[in-house]
1. Can you tell which of 100, 159, 76 shows the greatest fluctuation in a Gaussian network model of the chain with Cα springs below 10 Å?
2. Per 5 Å bin from zero, what fraction in whole % of the C-alpha pairs of the stretch 23-126 is there, up to the bin with the longest pair?
3. From the Cα gyration tensor of the stretch 183-222, with a ≥ b ≥ c the square roots of its eigenvalues, which class applies: rounded if a/c is under 1.5, or else prolate if a/b is larger than b/c, or else oblate?
4. If you average the sequence gap of Cα pairs under 8 Å that are 6 or more apart and divide by the length of the stretch 150-271, what percent do you get for the contact order?
5. What is the ratio of the Cα radius of gyration of the stretch 24-69 to 2.2 N^0.38 Å, with N the residue count, to two decimals?
6. Please compute the net charge surrounding residue 220, taking Lys and Arg as +1 and Asp and Glu as -1 over other residues with Cβ under 12 Å from its Cβ.
7. Which net charge results when you count Lys and Arg as +1 and Asp and Glu as -1 among the other residues whose beta-carbon is under 15 Å from that of residue 36?
8. With a 1.4 Å probe and all protein chains left in place, how much accessible area per residue does the chain have, in Å²?
Amino acid sequence: MITITPKRKFDVPIQAACINVDVFTGKTLNEIKKLAITEGKENLTLDDAFDLTEDKTLETPNITLTGDFSKVKRIGQGMKTGEIIINGNVGMHTGEKLAGGKIVINGNSDGWTGSEMKKGLIEIHGDAGDYTASPFRGNSAGMKGGLITVDGNVGSNVGCYLQGGTIKIKGSAGRFLGHHMSDGTIYVEKNCASRAGTFMTGGKIIINGTVELLMPTFTIDSIKPKVKVDATQNAQGPFYVFLGDIAERGTGKIFALKTTNPELATYEKYL
């Protein structure tokens, strides 16, 4: 196991896509220390910014990061195997294009965590920033598979262009949840801000708390006693089931818990 700790506080972002199990595999500790990173416009090595130690008696996790990594971007980018544990806050694009393995964040994550993720698991034991599991602006290549769990709240535009996989949020979600999603599942244990499912064409959004504003381009379909989140979890209802986004001829579903959204009872007359 390689342990990495910052040597100092970082004032500008560090690009460190080399902090990756696939990249570290087969290299000596000295070779890992020489891997290239950037701090702003400065070209550095890992050893310039971080202390690195190795414990050969521990095979997993493969990499442990301890300290404030909130300015460090692209950790685990494109990783296919192995495990990274981050004991602290972490910067943007963590686990971007993840294709396997596991990343555990014992803190908060910044924007675009899990962007374009394909496989694997990301656990966030804090809050997650805007655009979690979403592509860059102007790009439609959303998360395709895997699982992201968030113990806290998430920001806006989470799960945009989602094409597969599952996002589980134990807290509340910001605006534009699941914008343009076409497949996959988003589960919110608490409340959801306005405009969930805008331009949605498929998949499902499950909201256990209150829905701030349901888009008028969704139509009520039924009331269900429960809904399947994934192979390991069912959410107990009853749930109002809304279909949409009909402006996109979509067949996506928003499940809103009946007991926490009494104002939606006005839709029952259309069933």
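The values are calculated or read from the model by the stated rules, or taken from the named source; none is laboratory data. On a predicted model such as this, the values are computed, not experimentally measured, just so you know. Cβ: placed from backbone, ideal geometry, glycine included. Neighbour counts: every protein chain shown. These area figures cover heavy atoms from the full protein model, side chains too; ligands, DNA and RNA do not enter into them. Shrake-Rupley method; radii C 1.70, N 1.55, O 1.52, S 1.80 Å.
1. In the Gaussian network model the winner is 100.
2. With a bin width of 5 Å, the distribution comes to 3, 12, 22, 26, 23, 12, 2, 0.
3. Oblate.
4. Here the relative contact order equals 19 percent.
5. Taking the Cα Rg and dividing by 2.2 N^0.38 Å, one obtains 1.25.
6. With Lys, Arg at +1 and Asp, Glu at -1, the net is +2.
7. Overall, the nearby charge balance is +1.
8. Accessible area per residue, the chain: 44 Å².
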